[in-house]
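Report on the following structure.
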Amino acid sequence: MAAAGDSTKQPLLPRAHPPHVASASSPALPSVPPGSAGRRFPGGLDVPNLKKRGGGTRSWIRVEAATASVQTLEIDKATMMRRCELPARDLRLLDPLFVYPSTVLGRERAIVVNLEQIRCVITADEVLLLNSLDSYVLQYAAELQRRLLQRAEGDELPFEFRALELALEAACSFLDAQAAELEIEAYPLLDELTSKISTLNLERVRRLKSRLVALTRRVQKVRDEIEQLMDDDGDMAEMYLTEKKLRMESSVFGDQSLLGYNSAGAAGTSASAPVSPVSSPTESRKLEKAFSLCRSRHDSVKSSDNTTAEHIEELEMLLEAYFVVIDSTLNKLTSLKEYIDDTEDFINIQLDNVRNQLIQFELLLTTATFVVAIFGVVAGVFGMNFESTVFKIHNAFSWVLVITGVVGAFIFFSFLWFFKYKRLMPL
């Protein structure tokens, strides 16, 4: 046994490759230093410091459920797929090079979580968190470790639900903090815009509204994802990994026990001597044990279904709690958007009022111009070089000017009264 153990610990020898010989027709290729990441092009050239897409390793933070230990691992994509039994498209959701909406997927042996900065794979035994320099990621790992170490005695929540709860809490708190920060910045800016309409304030409000729309879209996606999980009992049942693991272990143990009983029975009946009546009670006892084992397995499966239904209710209550939190954040953003829309309507009303005042002033100027034009017409008529009986009347020009002034003043003040007191101008 010791020799066998030593032989298994010996490292495998690397496969030898024939050396490359440079010639006139085949020039020497630049060598790549060992350990450096490179990519081979069709021409045979290895370019250093160029990673192949999807083939490199990534840093993961592993939090173990049993010991609450935290360690950093370097795992490539293929190993991650085999370890968690996940397809490549699920791991692609965790790739930081791509921007995917918030998603929570329940699989056979893992839960894929992509909630804002928290991108992790949760299993029944561990959490593999994508390593990042973001403070929320480090806080998530530290908080999960602290909660595992300080677990209460009456808390029977499975490990995967505890990790999922912490991920939902981190995402909801992060989005709520951003919404609160946006509120603090928005309300004074909108009040300033209502008091002073300027290009600078309008540009600041435009940027604020763009941030509000983007944040509302992210919050809405998290809310829809939680609501979709709450509406589908099958997805919630898939997320109970501990129950499926225990069920699988009990099934494997039962199969092994049944196989042992069958092999023992076969060994007993394969004797050369014929079966005696004395040995028949032993065989019947073995058969009863086999039947009792099958019955216990059936009862365990039935009880596991009942416990799964109970834990679905627990998971539903957990999701409902954070659904209320994220819905409250969405209501804050909706109220802020309505306030911005009300401010825009108020500004448009102010601009319409100023526009109406300008139109009214323009009409008054037009009326005054008309009155002055009347005087110009009278002066032009009396300046004509032709004979008329009107010119022979004493002070005829003065009387005409007086009558013209009275008519012009009446027209001017009629327009003024009409626009000032009747207020028939449309808004």
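The values are calculated or read from the model by the stated rules, or taken from the named source; none is laboratory data. Quantities reported herein were computed from a predicted structural model and do not represent experimental measurements. FYI the Cβ positions are ideal-geometry reconstructions off the backbone, even for glycines, and counts take in every protein chain you see. In case anyone asks, the SASA skips ligands and DNA or RNA and just uses the protein heavy atoms, side chains included. Shrake-Rupley method; radii C 1.70, N 1.55, O 1.52, S 1.80 Å.
Round to the nearest 10 and report in Å² the accessible area of GLU108, as given by a 1.4 Å probe over the protein chains' heavy atoms.
100 Å²
Report the full-extension gain for the segment GLU181 to VAL406: residue separation times 0.36 nm, less the Cα-Cα distance, to one decimal in nm. Please report the intermediate quantities before stating the final value.
Working: separation 225, 0.36 × 225 = 81.00 nm, distance 6.58 nm.
Value of the extension gain: 74.4 nm.
Taking 23 Å as the cut-off for C-alpha to C-alpha distance, list the pairs among LYS196/LYS337; LYS77/LYS221; LYS196/LYS332; LYS221/LYS337 that go past it.
Details: LYS196/LYS337 20 Å; LYS77/LYS221 27 Å; LYS196/LYS332 26 Å; LYS221/LYS337 17 Å.
Listed pairs above 23 Å: LYS77/LYS221; LYS196/LYS332.
By accessible area of protein heavy atoms, probe 1.4 Å, what ranking do VAL99, VAL137 get, highest first? Present the calculation step by step, with values, prior to reporting the outcome.
Numbers: VAL99 140, VAL137 0 Å².
Correct descending sequence by accessible area is VAL99, VAL137.
Once you have the alpha carbon radius of gyration of the range 97-220, what is it after dividing by 2.2 N^0.38 Å, with N set to its residue count? Intermediate results must be reported in sequence, preceding the final value.
On the way: Rg = 19.2 Å, N = 124, 2.2 N^0.38 = 13.7 Å.
In units of the 2.2 N^0.38 Å rule of thumb, it is 1.40.
Give the Kirkwood hydrodynamic radius (Å, one decimal) of the range 73-118, defined as one over the mean of 1/r across all pairs of different Cα atoms.
Hydrodynamic radius (Kirkwood, Cα only) of the range 73-118 equals 11.2 Å.
Among GLU126, GLU143, GLU249, what's the order by accessible area (1.4 angstrom probe), most exposed first? Before the final figure, lay out the partial values.
On the way: GLU126 15, GLU143 50, GLU249 100 Å².
Order by accessible area, largest first: GLU249, GLU143, GLU126.
What order do LYS196, LYS332, LYS337, LYS244 take when sorted by accessible area (1.4 Å probe), most exposed first?
LYS196, LYS337, LYS332, LYS244
Using DSSP to call loops (not H, G, I, E or B), can you name the chymotrypsin sites (Phe, Trp or Tyr not before Pro) in the range 53-148 whose Cβ has at most 14 other Cβ atoms within 10 angstrom? Show your work: numbers first, answer last.
Numbers: sites: TRP60, PHE98, TYR136, TYR140; in loops: PHE98.
Those that pass, being in a loop and sparsely packed, are PHE98.
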